[in-house]
Every structure is written in C-alpha cells, then in structure tokens.
Amino acid sequence: MTLPPFKLERYFARYEFSAPYLLCSSDCEARSVAELLALEPDAAARFERCWLGYTESLGAPTLREEISRLYTTIRPEEVLVFSGAEEAIFWFMHAALQPGDHVIVHSPGYQSLSELPLSLGCDVTPWLAREENGWALDLDQLEASLRPTTRAVILNTPHNPTGYLMSAADFARLNRLTQARGVLLFCDEVYRGLEYQEAERLPAGCDLNPLAVSLGVLSKTYGLAGLRIGWIATHQRELYQRMLTLKDYTTICNSAPSEFLAELALRHGPALAGRNLAIIAHNLALLDDFFLRHAARLAWARPRAGSVAFPRLLQGEIEAFCHDLVTQQGVMLLPGTVFDGSNHFRLGFGRKNMPEALNRLDAFLGQAGG
Ligand SMILES: Cc1ncc(COP(=O)(O)O)c(C=O)c1O
C-alpha cells in the first residue's frame, strides 16, 4: 500500500497554527475541557477519577450506548469507536475492499475517501457532483456506473467541501439501488446534525439499509475535534469484527479521558450542536450579503447543511489568490487544488471569529480592485 501526501492536511500544516484567521476550517467552534465539565455538577470530580489504563477496544460500553442513541435501529454492540473519523475510514476501507473491487466515490471530496480505495488496488469511479445543480449527485448516473464487481459506494452528505445535502427521496433511492445489488453503502455523516432546516435531516444510512455503514465523529457538529473520537455504526457483523481486529494494529483502544469527555458531550449533544448551528446561521447571513456584493468576482452555491462551502474565483488563479490573502491579511482559505484542481476555494463558517476574517477578505478584494 502506498499513500500519496494528504493534500489538504499538508496545506493546513503550512498555515493552521500561524495564520491568525482560519476562514476554511470544517470543524465548528471548539470548547475547553472546563466548559464540558461544567455541563454536569459532579463531572469534574468524576473526571479526576478517570482511570488511565487501557480501555475496551470496541469503545467504552457507556459511550457506545450514548452513541447508539443517535440512531433508531443501532444497538451499542453495533457501534465501534475509533480515534477520529479518519481512523474509522482507514479501517473500513481495509476491512471491506479487495484489490480489483470496483468502488464508486462521491467527488470532489475528502481525499481519504477516494485515496484509500485507490491505494488498495480498487478500480475507482468518481461520482461527480455538479456545481450547476447546486453540487447535486445524479442518481441515474450512479445507476449507470454500477457493475457486477461494484463492492461499495462512498457518499458524504452533508458534504465537504460543497455543503450539499442529498434529498430524502434520492437518499432512499440510493439505499434501494445499492441494497438490491448487494453493494455496501458507506455514508460519511460527520456533518450530520448541521442541517439548516431540521426537517431536511436524512435518516442515518445504517438505520435505512442493512448494507449501509454510517460514520460519525465529535469533531464537526459538536466542535470537539481534539477529543479524536469517531465511530462506525452498522448492522454488518462480519465487517464490524474485521474492523475491530484491524484496529489492534493502530490505536488498539481509545484515550480514556477522551472517552469520558465524549460521553459527557453526547449527553448534551443537542445543546452543543445548537450553539454551533446558531453561529453558522449568523455567519451565513453575512455571507449572503458578501457574495451578493462580490458577484462579479466570486460565484457560490449556497449550502444547505454543514460548516463549509466551495465558492469559485471567477478571475485569477486560486493558489496565488490564497497565497496573497494569507500573506497580506493573515486569512487562510483552502485552494480547490487540494480537492480537484479547480479554481474553487473552501470556505468555513462554523467559527465565531468568521465575521472578522470575512472583513479582511472583503478588504483584500477591495485592494485587489474588487
Ligand atoms: C468528510 C469528512 N470525513 C472525515 C473527516 C475526518 O474527521 P476527523 O478529523 O475528525 O477524523 C473529515 C475531516 O475534515 C471530513 O471532512
């Protein structure tokens, strides 16, 4: 297995801890340990007693129980906890795929979702999101791409980087199409819970379809990326066991303090997500006005969920634009070149200081003759 550099991570490494304004983060506003411990009167005292031995490989039983409540059909023994969503993606791909398998992947997208199947010798067909349709995926196209050798379809909705949210009707059809052919459906749902209209929230894949695998994490919706707690929820027993066995070769088990804090956070999940949704709503109103004023320079499809969007620079070259912006104004954007080589950029709006960063982008566009 050879893996090329993860372009997004390498780009972030250049500026994430030096640029004063990150205008492209996908995780929402984070919290401190103290803020989490303040959620329950005796939490601080319990945290002090947290035992620092190895933990259960599957994830603490009480944490898995809390995670299972996010689903309607999942039992705690159908949840497998990992160190972040990234470790879960890594082991799902290794457990599910063989060289020569055909895999259809939502594109453009988060690099590991396509890179890992490629590195495992799979035949990868991109399922292209269309900007002209609000970054929608075409189900007829998916149906035409399915082959007898198709092992898995990889979907990410709400989507990074476009903010696309699939409709309930399309999602139901996708589940029917894949299930009927015995194809696994990997649903990266790490932004689930950040729908701007709650009524548009999709059911989790694993609750609709026995061949679906749902991916969740505390990083995005809950703003707790530093905990590194992610999970898989699925009814697929054999696949679950294979992932569990493989995990012995990376983290073995999760961090005990993180598991404690993750469980505490999930007991207050709606409140934590609610604060981040309010930040997003406030920031989106500013973005509507911003894109209206800069329509000659920038085009965007307004997202329907999540904390990121993928606007397009209409004139100029995106890498130079991002470089000049970060060096002149200290504002980091992520060029589309780290995704699909396009002239887009990823914009993140789940952070409290987004208005300040946006003002700086506004000033930069003004100076650049906007
Ligand atoms: C779609 C998607 N899946 C998975 C991940 C990985 O999440 P984590 O960093 O919490 O492991 C990310 C992070 O950006 C993501 O955007």
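The values are calculated or read from the model by the stated rules, or taken from the named source; none is laboratory data. Being a predicted model, the structure only gives us computed values, none of them experimental. Here the Cβ positions follow ideal geometry from the backbone for every residue, glycine too, while neighbour counts run over all protein chains shown. The area values use the complete protein model at the heavy-atom level, side chains included, leaving out ligands, DNA and RNA. Shrake-Rupley method; radii C 1.70, N 1.55, O 1.52, S 1.80 Å.
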Counting only residues that are open to solvent by 20 Å² or more (accessible area, probe 1.4 Å) and either away from the ligand (no atom under 16 Å from the Cβ) or over 27 Å from Cys122 (Cβ atoms) (or both), region 61-88 contains a total of 12
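Yes/no matrix, rows are residues, columns are (1) away from the ligand (no atom under 12 Å from the Cβ); (2) part of a strand (DSSP E or B); (3) open to solvent by less than 20 Å² (accessible area, probe 1.4 Å); (4) not aliphatic (A, V, I, L, M):
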site	(1), (2), (3), (4)
Phe90	no, no, no, yes
His94	yes, no, no, yes
Pro99	yes, no, no, yes
Ser112	no, no, yes, yes
Leu118	yes, no, no, no
Gly121	yes, no, no, yes
Trp127	yes, yes, yes, yes
Glu132	yes, no, no, yes
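Give region 17-33 a look and list any residue that's touching a strand residue (DSSP E or B) at 6+ places or on another chain (Cβ under 7 Å) and within 15 Å of the ligand (Cβ to nearest atom), or say none.
Answer for region 17-33, where residues must be touching a strand residue (DSSP E or B) at 6+ places or on another chain (Cβ under 7 Å) and within 15 Å of the ligand (Cβ to nearest atom): Leu22, Cys24, Ser25, Ser26.
For (1) outside the structural domain of Gly226 (by TED's automatic domain parsing); (2) not charged (D, E, K, R), each residue gets a yes or a no:
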residue: Thr251; (1), (2): no, yes
residue: Pro257; (1), (2): no, yes
residue: Phe260; (1), (2): no, yes
residue: Asn276; (1), (2): yes, yes
residue: Leu292; (1), (2): yes, yes
residue: Arg312; (1), (2): yes, no
residue: Glu317; (1), (2): yes, no
residue: Gln329; (1), (2): yes, yes
Exercise. Tell me, please, whether a residue that is assigned to a helix (DSSP H, G or I) and surrounded by 13 or more Cβ atoms within 10 Å (Cβ to Cβ) can be found in region 45-53.
Key: yes
Exercise for the section: Would you check if there is a residue in region 37-56 being in contact with a helix residue (DSSP H, G or I) (Cβ under 8 Å, 6 or more places away or on another chain) and under 30 Å from Asp207 (Cα atoms)? Expected result: yes
In region 60-111, anything more than 18 Å from the chain's Cα centre (by Cα) and acidic (Asp, Glu) is listed as Glu65, Glu66, Glu77, Glu78, Asp101
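Could you pull out every one of the helices (runs of 4 or more DSSP H) wholly within region 239-334 that has 1 or more residues that are in contact (Cβ under 8 Å) with a residue 24 or more places away in the chain and under 30 Å from Glu48 (Cβ atoms)?
Per the criteria, 256-267, 269-293.
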* Take Val183 and decide whether it is in contact with a helix residue (DSSP H, G or I) (Cβ under 6 Å, 6 or more places away or on another chain) and modelled with pLDDT of 95 or more. => no
Just one listed residue, out of Phe82, Phe47, Phe90, Phe17, is of a type outside the set (Asp, Glu) and free of Cβ contacts under 8 Å to residues at least 12 places away in the same chain, and it is Phe17
Of the residues in region 346-370, those that are open to solvent by 60 Å² or more (accessible area, probe 1.4 Å) and modelled with pLDDT of 95 or more come to Lys352, Glu356, Asn359, Arg360
